[in-house]
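Below is one structure, written out as structure tokens, with a few remarks after it.
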Amino acid sequence: MWLFNRKQRTSNDETVRLFYSSDIHGSERCWLKFLNAAQFYGAQALVMGGDLTGKMLVPLVETPHGYRASFLGQETLARDDAELATLEKNIRFNGFYPYRCAPDEYHRLEAEPGYLDQVFRRVMIDAVRRWIALAEERLAGSNVACFVMAGNDDEPALDDALRSGSVVRNPDGCVLEWGRYQILGESWVPPTPWRSPREMSEADLERRIRAVADRLDRDRPAIFVLHSPPYRSTLDDAPKVRDDLTVVTEGGQVVMAPVGSTAVRRVIEEFQPLLALHGHIHESRGAVRIGRTLCINPGSAYGEGVLHGALITLEGDRIRAHQLVSG
């Protein structure tokens, strides 16, 4: 077994606090809460574990009387700049992307799926660049480390946006330094019924993670940020679905099944990092140990504007405390 050495704790070991969250799916409300978490919880590091982007474009169609939009099942008309700004803010807070357009472009979006995909991708990437700029502005000079990674629902084109700042660092597919700790990230997951942008076979995923993990210094503690939780860990239980994506129920209750990664589990069992941080499965909020590794999935309630997270206190080569938090 490939173990990181646990050296005897000394009296001068520094205590640091890390805040972790994941799966905010375009919710600007949750992103702003994430940026505020360092000050609120007294954390020296912020880590976002993937699935940053939203899933819907909301066209704001220009009319002689203002901008018209269909949002949350209601027709809304923004009649001036102040109302338009409020509408766009509400759309972003709910995890969607506002897009101003003329009537002819709106009809093109309806008629040409390829054009809609092109516009959606551009708007999505611009939104993430704006988020990164917000992080750079708010965290500059604070000495708070900020690590932000994509997840399986995020387009690969997003990676350049995540590397556009100097304060925000992307640990995906590499090892980054944070004080005495090594942070390894992996955004890809095993195949899902939804065929998301970042999926690969378990064998390929294991090779991919190992190729990076083999470069770690085993004399120093490591933190793994792996978007997929380990298989059969209780952090990976999700509603079971049929081939047509309908949810399986028995006796009126949703049937849950483990959907995590066997590759992730094998890597954790062998390398035994100090801490493994996961996401991907919104329903399986919790913490569990696999050998000597503490594994955490904070879950997600982004649709309600609630940021689920985990607060971990580290002291040298040990975890002094951990707590699941929401706000």
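The values are calculated or read from the model by the stated rules, or taken from the named source; none is laboratory data. Remember, predicted model here, so these are calculated numbers, not experimental data. Using ideal geometry, Cβ is built from the backbone for each residue, glycine included, and neighbour counts are taken over all protein chains shown. We work out accessible area using only protein heavy atoms, side chains counted, and drop any ligands, DNA or RNA first. Shrake-Rupley method; radii C 1.70, N 1.55, O 1.52, S 1.80 Å.
Has the stretch 27-44 got any residue that is in a helix (DSSP H, G or I) and farther than 30 Å from residue 188 by Cβ? If you could, list the steps in order and put the result at the bottom.
Going residue by residue through the stretch 27-44, those that are in a helix (DSSP H, G or I) are 28-41.
From the residues that got through so far, the ones that are farther than 30 Å from residue 188 by Cβ too are 39-40.
Taking every residue of the stretch 27-44 in turn, at least one turns out to be in a helix (DSSP H, G or I) and farther than 30 Å from residue 188 by Cβ.
If you check every pair at least six apart or on different chains, which have Cβ atoms under 7 Å apart with a residue in the stretch 224-240 that is closer than 28 Å to residue 178 by Cα first and a residue that is in a loop (DSSP other than H, G, I, E, B) and acidic (Asp, Glu) second?
229/236; 230/236
Determine the pairs where a residue that is surrounded by 11 or more Cβ atoms within 10 Å (Cβ to Cβ), located within the stretch 209-223, has a partner that is of a type in the set (Lys, Arg) with Cβ atoms under 7 Å apart, the partner being 6 or more residues away or on another chain.
Going by the 7 Å Cβ cut-off, the qualifying pairs are 220/180; 221/180.
Grab the strands (runs of 3 or more DSSP E) fully contained in the stretch 256-327, keeping just those with 2 or more residues being hydrophobic (A, V, I, L, M, F, W, C), under 24 Å from residue 24 (Cβ atoms) and open to solvent by less than 20 Å² (accessible area, probe 1.4 Å). Walk me through it before giving the result.
Details: elements: 256-258, 275-277, 286-290, 293-297, 308-315, 318-326.
Answer list for the stretch 256-327: 275-277, 293-297, 308-315.
Which ones in the stretch 178-230 are in contact with a Gly (Cβ under 9 Å, 6 or more places away or on another chain), basic (Lys, Arg) and either more than 30 Å from residue 14 (Cα to Cα) or modelled with pLDDT under 95 (or both)?
198, 208
Which residue, of 216, 205, 226, 235, is more than 21 Å from the chain's Cα centre (by Cα) and not hydroxyl-bearing (Ser, Thr, Tyr)? Write out each step before concluding.
Working: 205 fails: more than 21 Å from the chain's Cα centre (by Cα); 226 fails: more than 21 Å from the chain's Cα centre (by Cα); 235 fails: more than 21 Å from the chain's Cα centre (by Cα).
Within the list 216, 205, 226, 235, the selection yields 216.
Any residue at all in the stretch 240-250 that's touching a strand residue (DSSP E or B) at 6+ places or on another chain (Cβ under 7 Å) and surrounded by 15 or more Cβ atoms within 10 Å (Cβ to Cβ)? Outline the logic, then answer.
Of the residues in the stretch 240-250, the ones touching a strand residue (DSSP E or B) at 6+ places or on another chain (Cβ under 7 Å) are 240-241, 247-248.
Those left that are additionally surrounded by 15 or more Cβ atoms within 10 Å (Cβ to Cβ): 240-241.
Looking through the stretch 240-250, at least one residue is touching a strand residue (DSSP E or B) at 6+ places or on another chain (Cβ under 7 Å) and surrounded by 15 or more Cβ atoms within 10 Å (Cβ to Cβ).
Going residue by residue through the stretch 106-129, is there one that turns out to be farther than 30 Å from residue 260 by Cβ, surrounded by 14 or more Cβ atoms within 10 Å (Cβ to Cβ), free of Cβ contacts under 8 Å to residues at least 60 places away in the same chain and out of contact with any strand residue (DSSP E or B) (no Cβ under 8 Å at 6 or more places or on another chain)? Step through it out loud before you land on a result.
Within the stretch 106-129, the subset farther than 30 Å from residue 260 by Cβ is 106-116, 118-119, 122-123, 126, 129.
Pick out the ones that are also surrounded by 14 or more Cβ atoms within 10 Å (Cβ to Cβ) and you get 106, 108-109, 116, 119, 123, 129.
Still in the list and also free of Cβ contacts under 8 Å to residues at least 60 places away in the same chain: 106, 108-109, 116, 129.
Still in the list and also out of contact with any strand residue (DSSP E or B) (no Cβ under 8 Å at 6 or more places or on another chain): 108, 129.
Yes; the residues of the stretch 106-129 include at least one that is farther than 30 Å from residue 260 by Cβ, surrounded by 14 or more Cβ atoms within 10 Å (Cβ to Cβ), free of Cβ contacts under 8 Å to residues at least 60 places away in the same chain and out of contact with any strand residue (DSSP E or B) (no Cβ under 8 Å at 6 or more places or on another chain).
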